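This report refers to the structure that appears directly beneath it.
The values are calculated or read from the model by the stated rules, or taken from the named source; none is laboratory data. Remember, predicted model here, so these are calculated numbers, not experimental data. Don't worry about glycine lacking a Cβ; one is built from the backbone with ideal geometry, like all the others, and counts go over all protein chains shown.
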Amino acid sequence: MSSQGGLKAAAGFMPYCVSKAMVDMLTKVTALELGPHKIRVNSVNPTILKTDMTKDFYENEEFMQVFRAKHPLGKFATVKDVVTLPCFCLRFEGKTALVTGGSRGIGKAVAERLLQEGAKVYVLGKSQENLEKLKTEHSSINTIQIDVSDWDRTKTAVEQIGVVDLLVNNAGMLHQEIFVNVEIDKFDKILNTNFKSAFNITQIVARGLISAGRQGVVVNISGTRG
């Protein structure tokens, strides 16, 4: 998933903005290379959304006063505002869909919508607790507990799913810290989660589609902060 951070810089969010800009360029290059194989690649770049990840911001009244003064709508967008966008890309009946970071927030809402549209849905998520809750709510959703920043484990898990017709790269993490204080371990973790996971999983899914001679869609949830 990319973000507002892929198009517009934000002080205190250097690793996040860099990772989202990389996701946007990944989208452009893979769209050119995979298009001839009838695999469409798109990016959704929402503004700041009201989710668990942004709770510290929308519960901060000082921040919200500044935000309202700058934002035309004067409020955060919601998951519902963006969840339908990935669903315009494909007819889902009988298709296999994979959503990363799908146990809560945008990813969960996308997975639920895809299920309603008739897709066989797989969700990758880091939190076992959130995945179990999702499974309780939707028993037909296939959940896989994994940290997508782990390249090898993620590769093995995705390959075991088989051919994926629709991939939604939604997994991401946010960290606020001024540039001079950012530690390399934190920088690597953000890039591994926000960018390299999308690279890794898109590559696996594209290989499977090309080998099977099938059309497919990849949607990277991005934004405007990079």
Open item on the list: I'm told residue 202 meets every condition in (1) farther than 24 Å from residue 107 by Cβ; (2) surrounded by 16 or more Cβ atoms within 10 Å (Cβ to Cβ); (3) of a type in the set (Ser, Thr, Tyr) except one. Can you identify the failing condition by its number?
Closed with: (1)
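Taking the conditions exactly as written (under 14 Å from residue 125 (Cα atoms), assigned to a loop (DSSP other than H, G, I, E, B) and β-branched (Val, Ile, Thr)), does residue 148 satisfy them or not?
Against the criterion (under 14 Å from residue 125 (Cα atoms), assigned to a loop (DSSP other than H, G, I, E, B) and β-branched (Val, Ile, Thr)), residue 148 qualifies.
Within region 96-141, restricting attention to residues that are among the aliphatic types (A, V, I, L, M) and part of a strand (DSSP E or B), which residue is surrounded by the most Cβ atoms within 10 Å (Cβ to Cβ)? Working first, answer last.
Applying the first criterion (among the aliphatic types (A, V, I, L, M)) to region 96-141 yields 97-99, 106, 109-111, 114-115, 119, 121, 123-124, 131, 134, 141.
Filter once more, so that each one left must be part of a strand (DSSP E or B): 97-99, 121, 123-124.
Values: 97: 29, 98: 27, 99: 32, 121: 27, 123: 30, 124: 27.
By that ranking, first place goes to 99.
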Open item on the list: Condition first: of a type in the set (A, V, I, L, M), in contact (Cβ under 8 Å) with a residue 40 or more places away in the chain and closer than 22 Å to residue 39 by Cβ. Can you find one or more residues in region 134-156 that meet it?
Closed with: yes
TODO: Quick one: in region 194-226, of everything that is modelled with pLDDT of 95 or more and among the hydroxyl-bearing types (Ser, Thr, Tyr), which residue is farthest from the chain's Cα centre (by Cα)?
DONE: 211
- [ ] Scan region 120-133 for residues that are out of contact with any helix residue (DSSP H, G or I) (no Cβ under 9 Å at 6 or more places or on another chain) and among the aliphatic types (A, V, I, L, M) and jot them down.
- [x] 131
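Any idea which of 133, 155, 80, 75 is at pLDDT 95 or above, among the charged types (D, E, K, R) and over 25 Å from residue 192 (Cβ atoms)? Explain how you work it out, then say what you get.
On the way: 155 fails: over 25 Å from residue 192 (Cβ atoms); 80 fails: at pLDDT 95 or above; 75 fails: at pLDDT 95 or above.
Within the list 133, 155, 80, 75, the selection yields 133.
State whether the residues of region 182-193 include one that is free of Cβ contacts under 8 Å to residues at least 24 places away in the same chain and under 22 Å from residue 114 (Cα atoms). Before you say what the answer is, go through the steps one by one.
As a first pass, look at region 182-193 and keep what is free of Cβ contacts under 8 Å to residues at least 24 places away in the same chain: 183-185, 188.
Applying the additional criterion that residues be under 22 Å from residue 114 (Cα atoms) yields none.
Looking through region 182-193, none of the residues is free of Cβ contacts under 8 Å to residues at least 24 places away in the same chain and under 22 Å from residue 114 (Cα atoms).
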TODO: Name the one entry in 210, 144, 204 that is in contact with an Asp or Glu (Cβ under 8 Å, 6 or more places away or on another chain) and under 20 Å from residue 97 (Cβ atoms).
DONE: 204
